[in-house]
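In what follows, a structure is listed as structure tokens, so that the remarks can point back to it.
The values are calculated or read from the model by the stated rules, or taken from the named source; none is laboratory data. Since the structure is predicted, the reported quantities are computational estimates derived from the model, not experimental observations. Backbone-built Cβ (ideal geometry, glycine too); neighbour counts: all protein chains shown. Just so you know, the surface numbers come from the protein's heavy atoms only, side chains and all, with ligands and any DNA or RNA stripped out. Shrake-Rupley method; radii C 1.70, N 1.55, O 1.52, S 1.80 Å.
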Amino acid sequence: MSDFSVRIYTKTMATAAMRRNCCCWKRIRMLLVCSVILFILVNVILTLLTTNRQSVDPATTAAGIGNNNSSKWLQNGDAAKYISIEVLSSKNRVRICVDDATVIDDSDPLNNRGMHVVVLNQHTGMVMAQRVFDTYMDDEPLIGFLHRVSSGRIMIFAVKDEASFHLTSEGRRAMQMHTGAGGASASRSGTGSAAGGSLWLSELGWRDMWAMVAKHHNNDAEEERNVGGVGGRVYGESYNSNPGLAVQHNSKSAPALSSWGTDVLLRVQVPLDVNRSHNNQNDEWCDSWITAGASEDNNDDGGDFVDSGSIIDDDIIVESPLARRQRFCSRIEGYGDVCSCVHPAPLDFHPLPIPDSNIDQIPVVIIAGNRADYLYRTLKSVLNARGVQRHMVTVHVDGYYDEPVEVARLLGVRAVQHMPAVGDSVNAVGGGRIASNTNSRRRRVTQHYKSALTNTFSSLFPQADYAIVLEDDLDVSVDFFSFFSQTLSLLAAADDSTDSDGGSGSLYCISAWNDQGYEHTASRPDVLYRIDWMPGLGWMLKRSLYKDQLESEWPTVEKPWDWDMWMRSSKVQRGRQCIVPEVSRTYHFGSSRSVNVNPYFQRTYFGRHAFYNPNSVANGASAGSHSGGNGGEYDDRGGLIRFKNIDKMTRITYLGWMERRIVTEGQVLDHSRWPCRKKQWNNGGNKNNDNRRVQGAENRNYYQSDEEFFVIDEMMNNDHTIRSKKLFIMYIKMEDPSGGNRNAANVAWTPLAKCLGIWDLDIRGHYKGMWRLYLNTDNHDDGTNADEEGIPTHIKSGSELFIISCPFSYFCKFKPINVTALWYNSIGIGEDDDGGDDML
């Protein structure tokens, strides 16, 4: 190649390189320009968003909440702060978001029906409580919760599926009262704000959808002053009715079963209260909390809980009442006076000891789920019982839930969390979910029981020979621990309990619960029974029973056993018996969020149980009396009972005692007809107005049967000599229910139990096929002429009834030959054993 050609080629290459470099720089310059433009746009958008966030919502302004001349939200130079709340209410889903953070997103179609409620801190927007209330079944828990929420909180309500069926007028009034006055001053728009209360709550009907955000307030004027004197206020509300009911509005046909209101989506901005004065309700602390804490410390009786940081066990540190209250009230809501600045509830309790206690080193195991409000009630009851040792109490929480642990910590009690063995959750409150499969729920609870008992005997209290087991929905009596102290010797003794059917060598348990001890069938607080059933609901067991048998035989996770039914199986119980009081020392109050109990079941089978209360005359004697009508020995200092006939509770002695009583004291009832008849309703035959009905709270009435047990009354009225009898005997027909004979109880026991108003779902509570009841019969005599007629004083309180099943019961051998065991059928015709017919 020539020099000229080389020069031309070199120049060409240089020109091409320059062009490439120029293009490169152009691209870089374009990228820089685009970056600058993008940066400016992002800043503009952020500025606009911030401005919009701090502006007042138009709906809020229209209702007079924003632009307030008093400027509650704008004081001392603080800038107004708002939180954005979005609420979805629909057939199968509830979603609640606060500032784009999801608080609840429940789309399970099988669970958590009813009213979802979230409580926010009005200063920070932090979630303080989450609840689900099945107002399709009952609204009492919702009413109670609203009464316990502190004034000023931000309340969020949303309906899932159906929430109106048992949302009574009282429930609606409570919701209106706690969120506003009446709603007359606001316009009826789908969403909006008003200082007058909900616009749509009164119209909420079958399967309507509804959502509301409001400011909560209580009627306590003193408390209201502590939050600035401002009442409730609705920030936003939205409602859609069920279109399927429009056609049926003037029809008597049943509500449509296949239609729901259309989904409701509510969006609202709510101002936060940035004015956090020193002594406002539920700020960081109140002056009265300091006074209350000092009072509790000064009243300490020398126990383990005195000063902040006092160590009561190797792994427990109990803070001062002030520190515990401050921590709790800054995080949790819905506990009434606990966080009140006016009347703060005490956190430490100082009940008197019990004389000659032998249970001070026995651990108390409280089985808990995600029902922290229930747990709070149970713990208060336990910590107020005489003889309690707080450092021996442990709450075992099934799952990693914060609120139950915070409740335990508030009251200075150890809490242990247990990794759930089955499913996602079993408790439907505070964000938990009930597993769809009932068997999964049973398995989970059963495994939780095993974990709690194993931890108790192996880790927490390895030296303990016994344990007392409670659940988080039980109240205990003031003499709860005294009862176990007095009966511990029975559980400790060998007892010679080996029965002919292969029993073991000791009692199975001591239980504080009498399954058949209702208000009208149990009155004597100092009487003990021996039974073939394991009642649970507050019971004591031996370490050796659990470690030597139950732990290794406990149902594995794949088996759908209820733990208590498994323990009652003949293979496990092995003929062993339990000791129970006639008047229960525990009371079951849990009516929701349970595996096996709903509000109807609670009222029908648990709500009317007799429960020892020394301050109530319902137990047969007033507090402070001695050896009154029921023979109870009351301790003036605190309601303790000295149980009688403890020495007769051993197997052989008790059996002989019952035999002698049947033979020497028993009066056989008239067996010529069925002992129940249709109730004679008062007030002109109106069942709903009868004053003897079984009453639930707020005029909700429940009946097990329209029959009443009358035979004792009639016999006493016809023969005055019978009125001196202490014991009546009745024989009913029942085959051995074991071996798969499931209909054995239906012949006579089930209808008789319904008539008596006691547990009728199975044959629990019997002793060798015999039930003991103490029927209240105050109407027989007023006691004014008892001495003249020679009528014993006890007749004023009641008469004992033994119901003996034949041929199942051991005691059937005492049935007179001329007496036919009673049985029942729906048409009122009975058949003798010899084939003849009797009118029942």
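Here is how the numbers come out for the structure above:
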item	result
Failed condition for S187, given (1) modelled with pLDDT under 85; (2) open to solvent by 50 Å² or more (accessible area, probe 1.4 Å); (3) within 22 Å of V342 (Cα to Cα); (4) not hydrophobic (A, V, I, L, M, F, W, C)	(3)
Test for W771: is it aromatic (F, W, Y), modelled with pLDDT under 95, closer than 21 Å to V580 by Cβ and within 34 Å of the chain's Cα centre (by Cα)	no
Some residue of region 73-82 being open to solvent by 40 Å² or more (accessible area, probe 1.4 Å), modelled with pLDDT of 50 or more and of a type in the set (F, W, Y)	no
Given (1) in contact with a Leu (Cβ under 8 Å, 6 or more places away or on another chain); (2) modelled with pLDDT of 95 or more; (3) open to solvent by 20 Å² or more (accessible area, probe 1.4 Å), index of the condition S436 fails	(2)
Residue match in region 793-802 (condition: within 20 Å of E707 (Cβ to Cβ), open to solvent by 20 Å² or more (accessible area, probe 1.4 Å), modelled with pLDDT of 90 or more and not assigned by the TED database to the domain that holds V583)	no
Single residue of region 194-222 satisfying the filter (open to solvent by 20 Å² or more (accessible area, probe 1.4 Å) and in contact with a Lys or Arg (Cβ under 7 Å, 6 or more places away or on another chain)) that is modelled with the lowest pLDDT	A195
Breaking point among (1) farther than 19 Å from M212 by Cβ; (2) surrounded by fewer than 16 Cβ atoms within 10 Å (Cβ to Cβ), for N111	(2)
Failed condition for V595, given (1) aliphatic (A, V, I, L, M); (2) at pLDDT 75 or above; (3) not assigned by the TED database to the domain that holds E800	(2)
Every residue from region 355-370 that is open to solvent by less than 20 Å² (accessible area, probe 1.4 Å) and in a loop (DSSP other than H, G, I, E, B)	I359, I362, P363, G369, N370
Near pairs, Cβ below 8 angstrom, 6+ apart or cross-chain, from region 513-530 (not assigned by the TED database to the domain that holds Q486) to any residue that is at pLDDT below 95 and surrounded by 24 or more Cβ atoms within 10 Å (Cβ to Cβ)	none
Within region 516-541, tally of residues that are modelled with pLDDT under 95 and either outside any loop (DSSP other than H, G, I, E, B) or out of contact with any strand residue (DSSP E or B) (no Cβ under 8 Å at 6 or more places or on another chain) (or both)	1
Residue within region 150-166 that is within 20 Å of M209 (Cα to Cα), open to solvent by less than 20 Å² (accessible area, probe 1.4 Å), hydroxyl-bearing (S, T, Y) and touching a strand residue (DSSP E or B) at 6+ places or on another chain (Cβ under 7 Å) present	no
Residues within region 225-242 that are at pLDDT below 90 and outside any strand (DSSP E or B), tallied	9
Criterion: farther than 29 Å from I510 by Cβ, at pLDDT 90 or above and open to solvent by 20 Å² or more (accessible area, probe 1.4 Å) - qualifying residue of R331, R377	R331
Enumerated strands (runs of 3 or more DSSP E) restricted to region 86-137, each holding at least 3 residues that are closer than 13 Å to F157 by Cβ	114-120, 127-133
Which numbered condition R153 misses (of (1) within 20 Å of E237 (Cβ to Cβ); (2) in contact with a helix residue (DSSP H, G or I) (Cβ under 9 Å, 6 or more places away or on another chain); (3) touching a residue at least 40 places away in the same chain (Cβ under 8 Å))	(2)
Test: residue in region 570-590 that is modelled with pLDDT under 90, touching a Pro at 6+ places or on another chain (Cβ under 9 Å) and farther than 26 Å from L545 by Cβ	no
Selected residue (only one of D424, D398, D472, D402 is modelled with pLDDT under 95, within 15 Å of N370 (Cα to Cα) and touching a His at 6+ places or on another chain (Cβ under 9 Å))	D398
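A quick yes/no check of all residues on (1) crowded, with 18+ Cβ neighbours inside 10 Å; (2) under 23 Å from L490 (Cβ atoms):
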{"position": "R530", "(1), (2)": "yes, yes"}
{"position": "P535", "(1), (2)": "yes, yes"}
{"position": "G538", "(1), (2)": "yes, yes"}
{"position": "K542", "(1), (2)": "yes, yes"}
{"position": "K547", "(1), (2)": "no, yes"}
{"position": "S552", "(1), (2)": "no, no"}
{"position": "T556", "(1), (2)": "no, no"}
{"position": "K559", "(1), (2)": "no, no"}
{"position": "M565", "(1), (2)": "no, no"}
